[in-house]
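First comes the structure, then the notes that go with it.
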Amino acid sequence: MKRLKRFFRSGTMVTLVWVLGIAVIWEGFAYYVAQTKRTPLNVLPHLWQIIGSFFSDKMITGQMTMIQLIGNSCAETLSRAAIGFLIGTVLGYLLALLMNLSGIVEKIAFPYLMIIQMIPILGMAPIILAITGDINTSRIVIAAILTFYPVSTNTLAGFKAVEKEKHELMYSYAASKFQHYIKTIIPSSIPYFFTGLKISAPMAITASILVDTLQGGNGLGCMLSQSLKGGMSRLVFWDIVLISAVIGILSFYLMGLLEKLICPYKRKS
């Protein structure tokens, strides 16, 4: 009985209720749209139509089924997002370390971090493309930039959040600066670092998809744009929306899983 009560109060139950609520609302609107004369009639398909299209053997482009088309596009988008995410993570962490080591570096770099964050993706994409001269490279750079800011700022906050008593303890042991960082500052900043990763992972994927819609080529965003223009089945649009949402959510939970594997206190809790 206690386990049942605990389940109903758990985060899993809350998530399930939200998913069911969204499904009910979606189906309600889908039935309403089906009763009205609109062009195209399948502007809001039923959920079972969207899910069923993944298993359909009907050719969408003459050569590939729905699942093959979206699978290939998803692989290209995720590969660019993953490369940009890794680059942004490494550079963001290194910059946070430099800013914590030197107040001068922090004063110089932090305002530029704020300026970069305030530039919208739609305005940044053509600038990066003009600089790099390559569509794929520009998408990787944009994903790296959007990862860079959350990782650097959250990691820097973690460095600065170390308790004064810990600093004093290391000083009392005559620890070197290197030992101080390895034993105290860096381990204490890990939760803040993963907070930055949880924020930036879905952002990198979203940016890659959005830039795909602007610059063409291959990728989920490109397929999304073509389906809106009538270049293929409208179900492609909803399939990509569903896949993108699932990937974004999974990327967040993947960062949380990595945190549990790396941080002992997370495994204990």
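The values are calculated or read from the model by the stated rules, or taken from the named source; none is laboratory data. What you see is a predicted model, and the numbers here were worked out from it, not measured in a lab. Backbone-built Cβ (ideal geometry, glycine too); neighbour counts: all protein chains shown. With ligands, DNA and RNA removed, areas are computed over all heavy atoms of the protein, side chains included. Shrake-Rupley method; radii C 1.70, N 1.55, O 1.52, S 1.80 Å.
In segment 74-88, what residues are of a type in the set (Lys, Arg) and surrounded by fewer than 17 Cβ atoms within 10 Å (Cβ to Cβ)? Scanning segment 74-88 gives no hits.
Any residue at all in segment 99-106 that's more than 30 Å from Leu235 (Cβ to Cβ) and outside any helix (DSSP H, G or I)? Talk me through it step by step, then tell me what you get.
To start, the set of residues in segment 99-106 that are more than 30 Å from Leu235 (Cβ to Cβ) comprises 99-106.
Next, from what is left, pick out any that are outside any helix (DSSP H, G or I): 102.
Yes, there is a match, as at least one residue in segment 99-106 is more than 30 Å from Leu235 (Cβ to Cβ) and outside any helix (DSSP H, G or I).
Taking every residue in segment 78-90 that is touching a residue at least 40 places away in the same chain (Cβ under 8 Å) and pairing it with any residue that is of a type outside the set (A, V, I, L, M, F, W, C) and in a helix (DSSP H, G or I), at least 6 positions away or on another chain, the pairs with Cβ-Cβ distances below 6 Å are Arg80/Arg139; Arg80/Ser208; Ala81/Ser208; Phe85/Thr147; Gly88/Thr147; Thr89/Thr147. Of everything in segment 131-163 that's in contact (Cβ under 8 Å) with a residue 24 or more places away in the chain and of a type in the set (Gly, Ala, Ser), which residue is farthest from Ile185 (Cα to Cα)? Restricting to residues being in contact (Cβ under 8 Å) with a residue 24 or more places away in the chain and of a type in the set (Gly, Ala, Ser), the top hit is Ser138.
One line per residue, one yes/no per condition, for (1) open to solvent by 80 Å² or more (accessible area, probe 1.4 Å); (2) among the charged types (D, E, K, R); (3) within 24 Å of the chain's Cα centre (by Cα):
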| site | (1), (2), (3) |
| --- | --- |
| Asn154 | no, no, yes |
| Lys160 | yes, yes, no |
| Gln179 | yes, no, no |
| Ser189 | no, no, yes |
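Taking segment 129-151 as the range and being crowded, with 22+ Cβ neighbours inside 10 Å and more than 22 Å from Phe194 (Cα to Cα) as the test, the residues that pass are Ser138, Arg139. Residue pairs whose Cβ atoms lie under 6 Å apart, sitting 6 or more positions apart in sequence or on different chains, and linking a residue in segment 108-122 that is of a type in the set (Val, Ile, Thr) to a partner that is assigned to a helix (DSSP H, G or I), are Ile121/Ala207; Ile121/Leu210. When the test is whether a residue is touching a helix residue (DSSP H, G or I) at 6+ places or on another chain (Cβ under 9 Å), modelled with pLDDT under 85 and not in a helix (DSSP H, G or I), Met232 passes it. Against the numbered list (1) open to solvent by 60 Å² or more (accessible area, probe 1.4 Å); (2) closer than 29 Å to Glu76 by Cα, Ser172 comes up short only at (2).
Here is a yes/no grid of residues against (1) under 25 Å from Ile247 (Cβ atoms); (2) in a helix (DSSP H, G or I); (3) open to solvent by 80 Å² or more (accessible area, probe 1.4 Å); (4) polar (S, T, N, Q):
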residue	(1), (2), (3), (4)
Asn72	yes, yes, yes, yes
Val90	yes, yes, yes, no
Leu94	no, yes, yes, no
Ala125	yes, yes, no, no
Glu168	no, yes, yes, no
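Of everything in segment 55-70, what is in contact (Cβ under 8 Å) with a residue 12 or more places away in the chain and either closer than 25 Å to Ala207 by Cβ or assigned to a helix (DSSP H, G or I) (or both)? Give them in sequence order. Selection gives Met66, Ile67, Leu69, Ile70.
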